[in-house]
1. Output, in nm with one decimal and in ascending order, the distances from the B:I484 label point to the matching label points of the other copies (7 Å from Cα along Cα-to-Cβ).
2. Tell me which residues come under 5 Å, amide H to amide H, from B:L187 once H is placed; ignore anything under 5 positions away on its chain.
3. Tabulate in residue order the Karplus-calculated ³J(HN,Hα) for region A:66-78, using 6.51 cos²θ - 1.76 cosθ + 1.60 with θ = phi - 60°, rounded to whole Hz; enter x for Gly and Pro.
4. Would you order A:D74, A:D637, B:D167 from fewest to most other beta-carbon atoms within 10 Å of each residue's own beta-carbon?
5. Using only Cα atoms, locate the centre of region A:397-422 and the centre of region A:620-653, then give the distance between them in Å, rounded to an integer.
6. Which ³J(HN,Hα) values in Hz, rounded to whole numbers, follow from the phi angles of region A:320-332 under the Karplus curve 6.51 cos²θ - 1.76 cosθ + 1.60, where θ = phi - 60° and Gly and Pro get x?
7. Past the 29 Å Cα-Cα mark, which pairs from B:K408/B:K643; A:K313/B:K643; A:K558/B:K623; A:K408/B:K319; A:K623/B:K313?
8. How do A:S286, A:S169 line up, fewest other C-beta atoms within 10 Å first?
2 protein chains.
Amino acid sequence: MDVSDLLTSAGINIAICVVLLSLYSILRKQPGNACVYFTRRLVSEPVRGTGDISCFERFVPSTGWIAKAWQATDEEILAVGGVDAVAFMRIVVFRFTNRLAMFFMSFTVFGLWVHCLALYLISCSACVLLYSDYKSITKMRLAHITGSPPNPSHFTVLVRGVPWSPDNSYSNSVEQFFSTYYPESYLSHQMVYGSCTVDKLMKDAERMYRMLKSIDPRFLDRSLPYCIPGGAAHPFMVLNLRADSVSSSTSMDRLQSSQRRKECPAAFVFFRTRYAALVAAQVLQSSNPMLWVTELAPEPHDVYWSNLSIPYKQVWLRKITTLIASVVFMFLFLLPVTFVQGLTQLEHLDQLSRRVPFLKGILKQEFIHRVVTGYLPSVILMLFLYAVPPTMMLFSAMEGNISRSQRKRSACIKVLYFTIWNVFFVNVLSGSIIRQLTVFSSFKDAPTQLARAVPTQATFFTTYVLSSGWASLSCEIMQPFPLICNFFRKFILRTKVEPSSCALTFPHHTEIPRLLLFVHIGFTCSIMAPLILPFLLVFFFLAFLVYRNQILNVYVRKYESGGEFWPIVHNSAIFSLLLTQVIALGIFGIKRSPVASGFIIPLILLTLLFNEYCRQRFSPVFKRRPAQILIEMDQQDEQLGRKEEIRNQIRSAYFQNPIISHQVSINSNLPLSRNTSHHQGDEDNLHGLKSLKPFRNSTRSIR
Amino acid sequence: MDVSDLLTSAGINIAICVVLLSLYSILRKQPGNACVYFTRRLVSEPVRGTGDISCFERFVPSTGWIAKAWQATDEEILAVGGVDAVAFMRIVVFRFTNRLAMFFMSFTVFGLWVHCLALYLISCSACVLLYSDYKSITKMRLAHITGSPPNPSHFTVLVRGVPWSPDNSYSNSVEQFFSTYYPESYLSHQMVYGSCTVDKLMKDAERMYRMLKSIDPRFLDRSLPYCIPGGAAHPFMVLNLRADSVSSSTSMDRLQSSQRRKECPAAFVFFRTRYAALVAAQVLQSSNPMLWVTELAPEPHDVYWSNLSIPYKQVWLRKITTLIASVVFMFLFLLPVTFVQGLTQLEHLDQLSRRVPFLKGILKQEFIHRVVTGYLPSVILMLFLYAVPPTMMLFSAMEGNISRSQRKRSACIKVLYFTIWNVFFVNVLSGSIIRQLTVFSSFKDAPTQLARAVPTQATFFTTYVLSSGWASLSCEIMQPFPLICNFFRKFILRTKVEPSSCALTFPHHTEIPRLLLFVHIGFTCSIMAPLILPFLLVFFFLAFLVYRNQILNVYVRKYESGGEFWPIVHNSAIFSLLLTQVIALGIFGIKRSPVASGFIIPLILLTLLFNEYCRQRFSPVFKRRPAQILIEMDQQDEQLGRKEEIRNQIRSAYFQNPIISHQVSINSNLPLSRNTSHHQGDEDNLHGLKSLKPFRNSTRSIR
């Protein structure tokens, strides 16, 4: 692959980008696509006019969205997307600044010593930026904890591994345990139930109802027999009767007794104060650490209900199993990667055309040849890489994570390791020098080998930045899959699409690893192949606009982790920085300058020390909530006399079963009950914010 | 080195053992040596007749001590040495049983498959034993927590990183913080003071006093000018006046105000209940994790006072520095090891005798030659190894550990890594095959190379077991250093030796790594060189007798960690087991049996799973105390009406300054005040249990 290949690839990608972005600016102006491109706005401000746009304007590309994305302030982003969104944007901005600094430096670099100085400057500026980012995100996280309105998750502890006893139900055991050991602070609890027949029927019925409701009434009579196969209406009727009988009974006793058999050894325990919950969550409860395992509960919408019924004793086994599965998956992925690598090598291509003769003619054409060696490899790799996040998400779900944000974070780490290993290391190592898939022959030679291998792969990484970076940003803003779904539902199924049913949460697990991979490539190529930097600069600039636009318009915020993923970003950046320094060590080793190498080693040590300092100084806040803050919030609540009100709110926050939730919200008429409706299962990826309101209305209206 | 070398070495070591053990059985009967060989008994039961032993019996070797050591029950050991001692003996017994099983197995092993089966059996029996040991030691640890009388350390939290404020003293800050955030449970606190002039004078004076007191009164007039250089009596007088003035003032205010300038940002904070202390210790207090760092306080005698004045911000830096220092030390130690390895190789010896001609004649003598190749190497290695524990102890002290037991545990881990790396791996790798000091050329070949290298070093390990194992056990029981000190003080200095001044605590940091190294050698050699097993069997049998004797008679128990070192033992045993399995994999690889290798891999996975299970099931109890137990103990105290009494006891438990401690104990007349006297500095290794009683008497008598 040479410069002309690179230019071919750049040309194709720039064309794709321009086309897709223009298309986006047209499509977003069509009122019919509002629920794809303005989902968040529609969900949060449902009654909003689409504005008067002339027919001509509607079909002309415009740049208004760029201006809007550029002008949005950090406060807006915080208000709309929470700490998570601001922290995410910080990745883009930080890298952009750093890349800019590196780019200007790379033009002034002549000679070994200037190189060495440049490395010092890059490392220092990176560390300063990392420090200030970590500090400000820690501050934001703390402000998020103190500033938010009374959050049920602050008062709630999830307890798992409730021991089984022949005399008591799990619920009684929980009550006994906590009223014995936490008599002053224990408020009440809510058991977790395994899915039973009623739940399944409920779910069926709800899905059915939504489908029925979304069909235009005019088509209802005609389309019903086709859309719903015969007898499918039956569970709906059953459910209706059932829900009716339940809501007519004044107490929940009957329902609970029928569900007692399905009780899981897990419960949400509510406490009177935030501090009491914190304490109960952090202390080792029992002398058998597998019993009475407590941790702070996730936010109500964040709970991943189906994993709560997993016995706690299995969790460690599941974690190991998924770890092994991820590693196996990572190595199986070597097959497509080596295939891709083969394509970038001319001689392999010659072999291929010799074996498959009819390809010979096609490959002889210069343009096709350039596409195959310059553009195709990174596209193939990218397509294979699209399968990775869902797989890792599946692994993380199997792992037994109890919240959606935790699952996403776990998937994010897996995807990150995966991409850095398979895109960076395997390409570098299997690529030009070593040919076979052997690891370094010895640790001592690793820096030298890396220093030799990284520059030879620079053009591949450049095309990767173009195809996976630029093109996937255009895809991100175009949202092809929801667009097609929307089209299909609207014109083929003729159903009315509610914006809340297609609202998505921000896909941290795919976007963070992608950004971090580019950061990694930027760092490691910065010294030997600085020509990649302008491409990265453009990518980060585009990313800034696109992600801001998406946060402002598309993705909804259902739960908030308070920037809990930041330590991953920080550690990954430190790793990239260290690898850059190791490569520099290799370069000086190749050029035989032991003195310059000697100057790099203290830099490596200082970077490690800096990382350790940050770990000590900031990371505990991302794992545990500070007692001081929570105690002050409790005291404030008491002064304002909000305690009773909060307690009532908490009690109804975590209800697993929609019927019970409905029942209770009717009985207690609480302001929070609007938020209590959420369901078991893994639906937030496709459906997003769901509300049971339509369902409730239906049972009433049918009745 | 061949079999005759081995026999020479065995002969020498057996002779040394027999001589030393006989000598011990004579020396222990001499009344003059009682304070060396019966220190613990003398300290705990001071008025005990030495019994009537005839002159003849006193000089004839006897085996009474063996019978006594053998007959002692586990309950006696527990009563005398606490959980730590029982757990330590468990290492010996467990390994003994396992070794015995392995030994009998090794005779029945013919063929590859039987080998494979044997490995399964060894692994299973080891895991079963490890599990039951972990379980029973966890149980003992919990029983130790519940069964012990009210322990001040249960109610106390050590807080470090108290923030500096211009308006408040540290003491006021602590009081303000804890009475604001823990108003119901906070009792009082005790600041930690940096060493000031008064302390230093006190220390000088105390040392002086002890020296003066131990001198026989008849020699006092004559020896004083020689023992104490001129003017040295001066600080003693100063102190005397000072102590006088202090004890005459009714309040401690004056002293405290003079010390306020020396306050450290650390304090012991006392709580009303155990549970409150536990909670305060485990919660993240402040949003800056470097401030208000809390942890459960060590037992009063366990506190390592001089490290408490280290600012908490330094601790992480100190930890990294000592880590680097230990690693550097570990690699510097390669020099003597390679020298030792050179000696065991015949050709090296030939080279040596060619270069230094006069050695030629000496080395030609067969016996000398055998000594040089068979016995000398392990002796040299052993002598060098004697320098390791003190060095590691120094590192652990510099690390900033706040308790003596923690320091010992940290040193124990360092020594363990050190010995296993330098004695096992370096010998195996630098030894026979690879010659140069290169690590494995690739990870894939590691098992094969290990499988080739371990058997060739088996004879060296056998002599190592003989010299470092058998001989050092004899040294352990002989206690040559205290014996010589005792002799020197008695007959040269003519001072009266108080048993409490030479009482030692059990040297876990030297003995645990030694035992674990032999366990490691036993495991790894068990398949390829089972001839080492009988030597190990004898070693463990001897160790059983010797350590029991030492625990019963010699070492005192000043503090108790409750078997906190057990996870180290467990992890080390698992590591050895895994390495054995990897070596077996290499053997089957050499003998080209992929099917048998295929049977080993699940075994490795199962062992890893077993380890992970144990980690989940038991290790949290070794890190944190279970809340349930502490709450129950608190409730029991309340029922028995002991709360007030306990509170008074706690307040006086942690006093750093002997004067204050004296003062308070006079004022409050508490039963616990007997234990409150202890001093700053690192003296327990040499001095052991010290009491301030004589000092107090002196101030009175002089007054």
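1. Result for B:I484, in nm, nearest copy first: 8.5.
2. Amide H to amide H, under 5 Å and 5 or more residues apart or across chains, B:L187 pairs with B:F270, B:F271, B:R272.
3. 5, 4, 5, 5, 5, 7, 4, 8, 4, 5, 4, 4, 4
4. Ordered by Cβ neighbours within 10 Å, fewest first: B:D167, A:D74, A:D637.
5. With region A:397-422 and region A:620-653 each reduced to a Cα centre, they are spaced 30 Å.
6. Residue by residue, region A:320-332 yields 5, 4, 5, 4, 4, 4, 5, 5, 4, 4, 4, 7, 4 Hz.
7. In this structure, B:K408/B:K643; A:K313/B:K643; A:K558/B:K623; A:K408/B:K319 lie more than 29 Å apart at Cα.
8. A:S169, A:S286
Values quoted throughout were computed directly from the atomic coordinates according to the rules given, and no laboratory measurement underlies them. It should be emphasised that the depicted structure is a prediction, and the values quoted were computed from it without experimental measurement. Neighbour counts run over all protein chains shown; Cβ positions are idealised from the backbone, glycine included.
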